[in-house]
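The values are calculated or read from the model by the stated rules, or taken from the named source; none is laboratory data. All figures in this text were calculated on a predicted structure; none of them were measured in a lab. Methodologically, a virtual Cβ is constructed for each residue, glycine included, from the backbone with ideal geometry; neighbour enumeration extends over all protein chains shown. To get the accessible areas, we keep the full protein, side chains included, count just its heavy atoms, and leave off ligands, DNA and RNA. Shrake-Rupley method; radii C 1.70, N 1.55, O 1.52, S 1.80 Å.
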Amino acid sequence: MSSLRCLARPRALASTCRFHSIRLLPLQPTRSFIKTSDAAPTNRRGGSKLYKTADEAVADVRSGSTILSSGFGLCGVAETLISALKRRGAQDLHSLTAVSNNSGVEGKGGLAKLSKSGQVNRLILSFLGNNKVLEKKYLTGEIAVELCPQGTLAERIRAGGAGIPAFYTPTAAHTLVEKGEIPVRLGASGTVLEKGRKRETKEFNGRTFLMETALTGDVAIIRAWKADKAGNCIFRYTTKAFGPLMAKAAKTTIVEAENIVEVGELDPNDVHLPGIFVDRIVPATQDKVIEIMQTRDVSSSSSDQAPKANDEAQGKRNRIGRRAAEELREGYYVNLGVGIPTLAATFLPEGRNVWIQSENGILGMGPYPTPDEVDADIVNAGKETVTLVPGASCFDSAESFGMIRGGHVDVSILGALQVASNGDLANYMIPGKVFKGMGGAMDLVANPDSTKIVVATEHVAKDGSSKIVQDCSLPLTGARVVSTIITDLCVFQVDRTGGRDLVLTELAPGVTVDEVRAKTDARFEVAEELRTMA
């Protein structure tokens, strides 16, 4: 597994962390926001926006530029333009800052091409993915990596395109992001050359909010399904996750289009990105790449996807998924995290309809496709191929996280590394171990008063330690956010606002209260009426 290794860690883990001997050097003032360069390509009004090749369109992109790169995983990535930038070479084009949700996949595509070639020296991301070359460059000081919650990243870009310099968000309050304690740039010897940016905070209605600053770029590189010669663009399905947002936040936007049509051929009702935001158009000449191909058996129905309990471990996971499905009521809008939480959808009773939201821009996500249903433009938050149910809709990431932070999602089910008796959740980082970034998890727990947060996890970790703790020792994803904990042993209800002990309300078949006590670090009470988990 490749990713960053973290700084913050409990003392007991210091000997395993590669950064345990880091010493802080005097730091230059950190930037409150990313400034674009003064050397962005020059746009011309009135002339043709159509360029014959991607090489021609990127010929005047200059070293030191900030590049906004669209896509989610490898879905919707401007592979034609990225390859053209790479062909410029590190001697001609270097010192780039690249902004994207992901860093690409080594050997497959995305920004991995530019980081490997040495043309990028700074990345702003929400999720790293599997990229060993990038991890090594970070650990040896060759590249800076600024990790940003996914919804915050989308909103920073949206604000930049709308001329809004800063905004307040509840996402990442009381976490290392707020404190600026995730290092951005290291020296070759492991010293911290650039710390994370500490956020200014303010309280609104008794809640803590962080001030985040807008994010803009010199050049945006976008892939669209259709574009007319005036620059109006249409995106397919989940390819619009970051495309329209980034196009609006750059001084120069270059679109590679799979289909280029004459002005007037696109119905104005269908346009996702108006031509005012597009400066250059080139034909997309590289094929789409699927990051994770997931399919279901042709003989199985879309509603019969529960995995068979062929071993004890899968049996435990199925038990958790079956109980988690009870949290999903008829007509609910729900978000299911990667892993065990996704099992909840496979155990829904026949006839119960819920709308599954995927934070990369789907409302109405269906099961994995059959081999002949695979569409590279329809992926879930785990970058897996999926399908859409009748009545589904697709939208960009700012819209998606507006749904989430705004409390329009009824239930969000996530996994956990630790969950505390007061509802604190830690699920994205183990100090001293590799980690990939927080993705959208911090946004998903940002409004627990309106969206019920349910943790679905195995009761103990691989080393036998309890995941249900009195106080989290791992870095928090969110503070006082969890309402219900579902494990393979039992169900706890959490008093996240009152601070009382957990209440044990259900036991798995064959499990005793004494066994739960022996495997639980947190204090808990036992409900008068103790149910048996289904």
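Scanning region 72-83 for any residue that is under 22 Å from Val133 (Cβ atoms), open to solvent by 60 Å² or more (accessible area, probe 1.4 Å), over 19 Å from the mean Cα position of the chain (by Cα) and modelled with pLDDT of 95 or more turns up nothing. Among residues of region 344-366 that are assigned to a loop (DSSP other than H, G, I, E, B), those with a beta-carbon under 6 Å from a residue that is open to solvent by 40 Å² or more (accessible area, probe 1.4 Å) at least six positions away or on a different chain give the pairs Phe347/Arg322; Arg352/Glu330; Val354/Tyr332; Gly366/Leu388; Gly366/Val389. May I ask you to list the residues in region 396-417 that are hydrophobic (A, V, I, L, M, F, W, C) and open to solvent by less than 20 Å² (accessible area, probe 1.4 Å)? Ala398, Phe401, Ile404, Val409, Val411, Ile413, Leu414, Ala416 - these are the residues of region 396-417 that are hydrophobic (A, V, I, L, M, F, W, C) and open to solvent by less than 20 Å² (accessible area, probe 1.4 Å).
For region 432-482, the tally of residues that are over 26 Å from Glu525 (Cβ atoms), in a loop (DSSP other than H, G, I, E, B) and in contact with a Ser or Thr (Cβ under 9 Å, 6 or more places away or on another chain) stands at 9. Consider region 110-131. How many of its residues are in a helix (DSSP H, G or I), open to solvent by 10 Å² or more (accessible area, probe 1.4 Å) and in contact with a Lys or Arg (Cβ under 8 Å, 6 or more places away or on another chain)? So the count comes out to 1. Would you mind stating whether Val338 is among the hydrophobic types (A, V, I, L, M, F, W, C), open to solvent by 20 Å² or more (accessible area, probe 1.4 Å) and at pLDDT 95 or above? It is false that Val338 is among the hydrophobic types (A, V, I, L, M, F, W, C), open to solvent by 20 Å² or more (accessible area, probe 1.4 Å) and at pLDDT 95 or above. Within region 132-155, being in a helix (DSSP H, G or I) and in contact (Cβ under 8 Å) with a residue 60 or more places away in the chain holds for Lys132, Leu134, Glu135, Tyr138, Leu139, Gln150, Gly151, Thr152, Leu153, Ala154, Glu155. Residues in region 82-118 that are polar (S, T, N, Q) and either more than 16 Å from Gly217 (Cα to Cα) or in contact (Cβ under 8 Å) with a residue 60 or more places away in the chain (or both): Ser83, Gln91, Thr97, Ser100, Asn101, Asn102, Ser103, Ser115, Ser117. Checking region 203-225 against the condition returns a match, with at least one residue being open to solvent by less than 10 Å² (accessible area, probe 1.4 Å), touching an Asp or Glu at 6+ places or on another chain (Cβ under 6 Å) and either in contact (Cβ under 8 Å) with a residue 12 or more places away in the chain or of a type in the set (A, V, I, L, M) (or both). What do you reckon, is Ile34 more than 24 Å from the chain's Cα centre (by Cα), surrounded by 15 or more Cβ atoms within 10 Å (Cβ to Cβ), of a type in the set (A, V, I, L, M) and at pLDDT below 60? Judged against the criteria, Ile34 is not a match. For region 488-523, the set of residues classified as among the polar types (S, T, N, Q) and over 25 Å from Ser450 (Cβ atoms) consists of Thr512, Thr520, listed by residue number.
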